[in-house]
Amino acid sequence: MSVLAPVDFNSVKRLTNLNEINRALHETVARERSIEAELEQLLSKRAEIEKGFVNLHDSASDVLESLLSDAQQLAASVHSTSELSEGVSFKVRELDTAQSRIDDTLQRISIVVDRSNAVEGIRAALEVGDYETAAEHVSKYLELERRFGTMADEVENRQLQDQRREAKVRLRQEIQTRLDEAKQKGDHKAVLRFTRLFAPLGLQASEGLQAFLVYLRDLISRRAEEDYTSLVEGGEQAESEYVGTLTNLFKDVAVAVDENEQFVSGTFGPEAAVEAILGLQQLCDQHGTKIMQRYIKFRRLQQLMGEIGTLSVAKRTSAPAQASLAVDPRQIEGYLEEMLLLCQRSEEYNQFMLAKLTAAAAGSGSPKADAASLENSFRSGQFNVTVRELIAYYINLEEFYLEENVGKAIAIDEWSADALTTSMVDDVFFILQKCGRRALATGNLQCLCAILGQINNLLSNSLRTALELNWKVLLLQHAPCFFAPTGNPAEYAAVFNNADVSATYVGKLREELEDSSYHFFGSSNERERIKSVLADLSKTSSDFAHITARALEQLSTAIVPRLRAMLDEAAGASYELSEEEYARNEVEDTWVQALLAMLCAILQWLQPFLTPNNYDALKSDCALPFGQVVERVEATLRLKPFNQLGGLQLDRDVRALVATLSNVTQRTVRDKFAILNQMGTLLSLESVSEVMDYWGHNAGPITWRLTEAQVKEVLGQRTDFEPHEIAALDL
C-alpha cells in the first residue's frame, strides 16, 4: 500500500493560472480514485480477519486451562520441599552448636595441658640451669595468654597460676643475678646470653637494651677513668698522653658499636641500634669533654690567648710588650701539632659514628630517625661543642704562628750568591704550605677557611709590602745599578725574581690546597666554599705578577742608555749612497747590526741572573726599550736627505731589525717599526707618482700610519724628487 503525500492547501490558494488550476484538479481527482481503490481492497479482507479471531479464541482456552493445572502442582511441590528444608536446617543448627561446645571444651583442655607443660618446663629447665629453654617456655606461656586472653585464666586452677607466677619470678631473678655476675666478671659472652633472654620473658625490649648499654657504659667508663687518672697524676710527664687517652676512648666506643650493632638490632629491633649509638655517644660527651677541658687547662690556652692579644695590641700601638708576655712561636707549633691530632682523631671518630648512625637510621625505617636531624643532634653534643672550642683556640694560635713566622722570615731576608731569590720567598711559602696542610688535616671547614683567609692576608699585605719596598729601594738606587761596575747584578735581580717566584708559588699553593681539599671534604657546598676562599689567592698572584711586570719595565728602560752609542752611530750614518756604498753596506755591518748585537749581548748577560719566567718576559718585553729607540731613530732619519739607494738601504735596515727581534721575542714588533717601514717604502720609490700605487684604494693590506702631510714631508727628503711634483700630489 502506497503512502500518499498530504495536500498543500497554501499552494492551491496561490494558483492564479487557469491551466495550473486544471492540472491541480486532475491531480486531485486521480488522488481520490487511488484512495477509494485502497479502501475497497482493505474492506475485502474483513471476513477473513474475523474468522481468524474466532479460531484463536477457541485454541487459547484449552492452553490456559492446562497451564493452570501445572502451576497448582508446582506450588504444592515447592511447599513440601520448604517444610523439609526447615526441618533439616534445624537439625544442622543443633549439630553445629554441639560441635562448637565440643571444640571449646577441647581447646580449654589443650590450654590447660599446654600451660601445665610450660610451667613444668620452666621448673625443669631452672633445675638444670637451662635458662634459654626456660625462657622459651615462658614465651610459649605468654603467647597462650596473648592468644586466648581471659579464657586461659578461667580454665586454669589457682594452684597452677601460683606455680606459673613463682616460676616466672624465679627465672627473672636467676637471669638478673647471672647478668650481674657476668657484668662484674666482664664476661661479654655471658652478658650477651642473658640480655638476649629479656624479650622471651615478656619484658620491654628497652629494658634489655638498657641493661646491655649499662654494661657497655660501665666497661668503657672504667677504662676511661683509669686513663684520665693516669693523665692527671702524670703531671708534666703526661703532656703527650692526651692524644693517646682520647684515642683510647674513641677506640673503645667505636669497637663497642661495631662489634655489637648486629646483636642489638637483631635482639632488640632495628630502632634499638640508633638508641645504642646515641647512648654510647653520651660516654664520649662525658669523658671526651673532660679530657679536652683538661688539655685546654693544662696548656693554658685561654691565658695564652690573652698574652697574644696583648702582644697584638702592643704591635699596633708600637708600645713595648712586657718581657713576661713573650710567646715563643716554636712552642706554639708544638701545641698546634697536638691540637691537630686531637681534632683529627675527633673528626675521624665523628665520621665513623655518623656513618654507623646513618646506616642504623636507614635500617630502622622510622620517620623519627631522620639522618639530618640525627647528625645535628650528634654534633650538638657536649663533646663536639668542646671540640669547636678547641678549634677556635687552634685558629687563633695558627694565625699568630703564621703572622710571627712570616714576619720573621721577611725580617731576616738575605741573599746568597748562588740563589736567584732571597731567603724570604722560600721561607714564607714553606710556612704557608705547612700551615695550610695542617688546617686541611683538621677536617674542619670553618678552620680551613679561616686559615686560608689569613694566608691570603699575609701574602697580599706582608709579603706584597716587602716585595714593593725592596723594589722601591732598588728604584732609589736607580735601576741602571744592574750595569754599574761596583754593583752586584745578581743581588739586584733577586728583587725582580722574588715577585715572579712568589706569583708562581701562590698558584701552586692554591692548586695543592684545592686538590687536597677533595680528600677531606666531599660535599659540593663545602668544595664551592673552599674555591671561593681560594679565589682570593688568584688575585694576589696577579698582584705579584704586576709587580714583576713593573720591575721588568724599569729594567727594560735601563737598557736604553746602553744602546746610546749605536744610536749616535745611526745619527752619523749617510743615506745618500752610491752604488758602491750600497753594495759595501750589504757585506759590512752597519749601525743596525751593532745595535742588534749589543741588545743580544745584554740579554745573554742578564740570563744567568733572572728566573726563566723573568728572562722570557724580558725577551717578550724587549720591544719596550725599542719603543724609545725607534722614536729616536725616526726623529734622526726625518732630518736626513735620501736618494733611492738610501731609501732601499733604510728598507733593508728596518727589515733586519724586525727579523732579528721577531726571533728574540714572542711578541710581534712590526707595529713598533710600522712608521719606519713605511718611510723606507716611500723613500725607495722610483718616482713621485708611484706613491699612488700604494695609497687610497690601491693600499691593499697596508694601513698607513703617516698622514698626507707626513707622506709629502718624507718624499721631500728625496733629493732627486721635484718639490712641485710632491706638492701636486692629490692624496
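What follows draws every value from the coordinates through simple rules; no lab data is involved. These numbers were taken from a predicted model, which means no experiment stands behind them. With ideal geometry, Cβ positions are generated from the backbone for all residues, glycine too; neighbour counts draw on all protein chains shown.
Computed quantities for the displayed model
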| quantity | calculated |
| --- | --- |
| Ascending count of other beta-carbon atoms within 10 Å, so fewest first, for Val560, Val501 | Val560, Val501 |
| Length gained when the stretch His519-Arg222 is fully extended (0.36 nm per residue, less Cα-Cα span) | 103.3 nm |
| Förster-model FRET efficiency, 35 Å R0, Lys640 and Glu553, C-beta, rounded to 0.05 | 0.70 |
| Computed E for Lys315/Ser380 - FRET, C-beta separation, R0 35 angstrom, nearest 0.05 | 0.40 |
| Residues Ala371 and Gln433, FRET efficiency given R0 of 30 Å [Cβ-Cβ distance, rounded to 0.05] | 0.25 |
| Relative exposure of Phe90, Phe673, Phe544, judged by other C-beta atoms within 10 Å (fewest first) | Phe90, Phe673, Phe544 |
| Which of Thr289, Thr16 has the fewest Cβ neighbours within 10 Å, and the rest in rising order | Thr16, Thr289 |
| Given Lys408/Lys434; Lys251/Lys290; Lys472/Lys531; Lys315/Lys531, the pairs whose alpha carbons are separated by over 27 Å | Lys472/Lys531; Lys315/Lys531 |
| For the stretch 398-454, size of Cβ-based charge dipole, Lys and Arg +1, Asp and Glu -1, in debye | 320 |
| Positive-pole candidate from Gly279, Gly306, Ala360, dipole of the stretch 228-411, charges at beta carbon | Gly306 |
| Alpha-carbon centroids, the stretch 644-661 and the stretch 549-611: separation in whole Å | 14 |
| Listed residue (Ala583, Leu596, Gln607) projecting farthest to the positive dipole end of the stretch 573-727, Cβ model | Gln607 |
| Cβ-placed point charges (K, R +1; D, E -1), dipole of the stretch 538-680 about Cα centre in debye, nearest 20 | 620 |
| Two-site label geometry, Ser416 and Gln282: point separation in nm, points 7 Å out along Cα→Cβ | 6.1 |
| Positive-end residue, the stretch 228-411 charge dipole about Cα centroid, Cβ charges, pick of Leu246, Asn396, Leu341 | Asn396 |
| Chain lengthening between Lys539 and Glu241 when straightened (0.36 nm per residue, less Cα-Cα) | 102.9 nm |
| Stretch gain in nm, segment Lys297-Glu588, where the contour uses 0.36 nm per residue and the Cα spacing is subtracted | 96.2 nm |
